[in-house]
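Here the structure comes first, spelled out in structure tokens, and everything after it is commentary.
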Amino acid sequence: MKKIAIVTKYMMAGGIEKALINMLNTFSKEKYDVTLYVEKLGGDFFEDIPSYVNVKVIPEIECGNKERIGSALKSFKIGRSIEITKGLIHNYQNREYVDQCIGMCKILPKVEESYDLAIAYSAPVSLALYYVAYNIKANKKWTWIHNEVDQITVDIQDAENVFKEYNKIFCVSKLAKEKFDLKLPKYKNKSEVFYNIMDFRLMEEKSKEKIEKCFDDKQYKILTVGRVCEEKGQDIIPAIALKLKEKGIEYKWYVIGEGELEDKLKKEIKRLQIEDYVVLLGKKLNPYPYFRNCNLYVQTSRQEGYGLTLTEAKYFLKPIISSNTAGAMEQIVNESNGIITEFGVDQFVEQIISLYHDSEKCKCIEKQLQKERIKLIENKKIEEKLKEI
């Protein structure tokens, strides 16, 4: 039986975590002994982790530094206490995020167990990336790139050295790979595209569950799903909604998700007096009944690595209007299986009104999605890759 270690941050309700759950569900418990290391327990998707996966908190990550040093000295591990001290000095002298990750890995103990494969899943730049590289012994090491690296707050080139510890660097879209290769061309031969795994059977099953009456009416229903943050762009929804209202469009726009911009969004909706048009549903662990019953899916993201929600909307044959992110342009052929637009209030208003009035165009999009849906199958590529270990 092959031993696999996977390191991620926290099982919050997000696209990365959902993709990880789908991946974990594909592992054969007869073939693989899987351990998932997290920075802390809990999170909305924590209960969805398969029972055969061993879940562990990264050793000593929740301890204070005095406790770490004291424990090392009591165990007569002088070298360990020196390493912790070096890490503390390093982090005191270097405040950049990449340096803080390096210092933290010096502070944290190395995992005693050895693995056939270790995976850093919450990347491109994260503690997991460094922890797998420097604190876990494994015959092979893989990492995942979930974003366009030129869009993240940390310069990926600052993390250049850590990638030499990895055998494979998986990017969740073609454009994500192109941008990674452009930034770090020396690792081009290690990087490859690996699309997020989808569990369509489970999506179909969950989509039949009952939902709130407020959603089950005859009004034209627009849906947006995602973490409520600047990256996902929901902050422009109130301005779009107001213009749609002023142009006489009868609709309700449902926003699923929570995040740092949620309060700001609520205040703006109230200020513009569009409470009857925009409904914030908050966090929904099962968004699939809403996908099934909406009329239009709108993705307002400023950036998107691949975009699970776009794939989900496509599966439920919904017309999509999305900003021109990497994930959207890889999944949507403009005017064929959806609409791609530039990011902006007026651009979204124009496209929403166009589809609202053009039922024939919506039917054509649905027909194209129906053809593509036949080809949508659960991704078995992970099984092929695991043969390499």
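For the stretch 183-226, a residue qualifies if it is within 27 Å of Ala13 (Cβ to Cβ), modelled with pLDDT of 85 or more, part of a helix (DSSP H, G or I) and of a type outside the set (Phe, Trp, Tyr), and the qualifying residues are Arg201, Leu202, Met203, Glu204, Glu205, Lys206.
Residue-by-condition table, conditions (1) polar (S, T, N, Q); (2) touching a Cys at 6+ places or on another chain (Cβ under 9 Å):
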position	(1), (2)
Asn189	yes, no
Glu192	no, yes
Glu209	no, no
Cys229	no, no
Ile240	no, no
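Of all residues in the stretch 256-269, those that are within 24 Å of Ile211 (Cβ to Cβ) and assigned to a helix (DSSP H, G or I) total 4.
Those strands (runs of 3 or more DSSP E) of the stretch 276-376 in which at least 2 residues are buried (at least 16 other Cβ atoms within 10 Å of the Cβ) and free of Cβ contacts under 8 Å to residues at least 40 places away in the same chain, considering only elements entirely within it, cover 320-323, 339-341. Run down Glu260, Glu250, Glu230 and say which single residue is closer than 15 Å to Thr300 by Cα and surrounded by fewer than 17 Cβ atoms within 10 Å (Cβ to Cβ). Only one candidate passes the filter, namely Glu230. When Glu47 is tested against (1) more than 23 Å from Leu129 (Cα to Cα); (2) at pLDDT below 90, just one condition goes unmet, and that condition is (2). Checking Ile236, Ile240 one by one, the residue that is surrounded by fewer than 21 Cβ atoms within 10 Å (Cβ to Cβ), of a type in the set (Val, Ile, Thr), in contact with a helix residue (DSSP H, G or I) (Cβ under 6 Å, 6 or more places away or on another chain) and not in a loop (DSSP other than H, G, I, E, B) is Ile236 and no other.
Tally the residues that are of a type outside the set (Phe, Trp, Tyr) and crowded, with 16+ Cβ neighbours inside 10 Å, restricting the search to the stretch 203-227. The total comes to 11. Residue under question is Asp155, and the condition is that it be among the charged types (D, E, K, R) and either surrounded by 22 or more Cβ atoms within 10 Å (Cβ to Cβ) or at pLDDT below 70 (or both); does it hold? For Asp155, the condition - among the charged types (D, E, K, R) and either surrounded by 22 or more Cβ atoms within 10 Å (Cβ to Cβ) or at pLDDT below 70 (or both) - is met. The listed residues are Ser301, Ser322, and the only one of them that is in contact with a strand residue (DSSP E or B) (Cβ under 7 Å, 6 or more places away or on another chain), more than 18 Å from Leu369 (Cα to Cα), in the same structural domain as Glu366 (by TED's automatic domain parsing) and polar (S, T, N, Q) turns out to be Ser301.
The values are calculated or read from the model by the stated rules, or taken from the named source; none is laboratory data. Keep in mind the model is a prediction, meaning the values are calculated, not measured. Cβ coordinates were reconstructed from backbone atoms using ideal geometry, including for glycine residues, and neighbour counts include every protein chain displayed.
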